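Bear in mind that the values in this text are calculations on the coordinates, not laboratory data. All of these numbers come straight from a predicted model, not from anything done at the bench. All Cβ positions, even for glycine, are placed from backbone atoms using ideal geometry, and neighbour counts span all protein chains on display.
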Amino acid sequence: MSQSYINVIGAGLAGSEAAYQIAKRGIPVKLYEMRGVKSTPQHKTADFAELVCSNSLRGDALTNAVGLLKEEMRRL
């Protein structure tokens, strides 16, 4: 019998989190991402979950929630 798995398309913030949560529960998952094969002008790297233009992630100051979240993500 072949093994079943869940496909997650897109390794942005949501796709990466979905794949992580699925795998954490012991379910086989395949994460697909176009970058590495194809790039866009907005992306600077081929990394998963790269922060690109998003109005919800606008600030960098550690005194606000947005800036603090971004700094925590950089440290990961």
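Using a cut-off of 20 Å between alpha-carbon atoms, which lysines can reach Lys30, once sequence neighbours fewer than 8 places away in the same chain are excluded?
Lys38
Quick one: which of 69-75, 18-24 comes out on top by average Cβ neighbours within 10 Å, and what's the full order, highest first?
On the way: 69-75: 11.4, 18-24: 15.0.
Put in order of decreasing packing, that is 18-24, 69-75.
Need the full-extension length gain, Leu69 to Gln21, defined as separation in residues times 0.36 nm minus the C-alpha distance. One decimal, nm.
On the way: separation 48, 0.36 × 48 = 17.28 nm, distance 1.92 nm.
That pair, Leu69 and Gln21, stretches by 15.4 nm at full extension.
Students often check this: by mean Cβ neighbours within 10 Å, which of 45-52, 8-15 ranks highest, and how do the rest follow? Numbers along the way, then the final one.
Values: 45-52: 13.5, 8-15: 16.0.
Ranked from most to least packed, the peptides come out as 8-15, 45-52.
In debye, nearest 20: dipole of the range 6-75 around its Cα centre with unit charges on the Cβ of K, R (+) and D, E (-)? Don't skip to the end; give the middle numbers.
Values: 10 positive and 7 negative charges, 31 e Å.
The calculation lands at about 140 debye.
Out of these labelled values of mean projected area of the Cα convex hull in nm², (i) 6.5; (ii) 5.8; (iii) 5.5, which was calculated from the coordinates shown here?
Given (i) 6.5; (ii) 5.8; (iii) 5.5, the structure-derived one carries the label (i).
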